[in-house]
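Encoded as structure tokens, the structure appears first; notes follow it.
Rule-based calculations on the coordinates, nothing more; no lab input. Keep in mind that this is a model prediction, so the values were computed, not measured.
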Amino acid sequence: MTGADPPAPMPKNGTPRNEKEVHSRLRDANDRLAAELRASNARLAASVPPEGASPQVMAGFAEAYRAWLESLSAKPETLLDLQNRYMQEQFRLWARALEPAAQPEAVQDKRFSAPEWNDLPVFRYFRDSYIATARMMMEAVDG
């Protein structure tokens, strides 16, 4: 292969080299996301009939989400650890859902008291995934 160009170098992935830059990028992304969320909520609130969510409620959700993102961006390693544990839990739940249920599990949430939530593998996964996601979200907020 004479005359062929040498392979192009791999593009840089933009990974920051220092922690300050990581935090700065996360804060910038957080601010952009919060602004987009506020704008989206404002559009939604304007399109919802008066009996729907009030602009104050929607603004409260946007502010809570912004605060949550801000707290996570201050500690990116916490977010990465939480995401890693969440994904491991999802894989474990999926594998377990495919196994036949030996005996019904005691689930505290009465919304999942019907036998189908334990008898049918896909519903068992949905139930367990919902509960795990709620637990992880609470950890993210409390952590």
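Tabulated values for the structure
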quantity	calculated
J(HN,Hα) series, segment 77-92, from Karplus relation 6.51 cos²θ - 1.76 cosθ + 1.60, nearest Hz, glycine and proline x	5, 5, 4, 4, 5, 4, 5, 4, 5, 4, 5, 4, 5, 4, 4, 5
Full-stretch length increase - Glu89, Asp31 - with 0.36 nm per residue and alpha-carbon distance subtracted	17.9 nm
Karplus (6.51, -1.76, 1.60) ³J(HN,Hα), θ = phi - 60°, over segment 116-131, in Hz, Gly and Pro reported as x	4, 5, 9, 6, 9, x, 5, 6, 4, 5, 4, 4, 5, 5, 4, 5
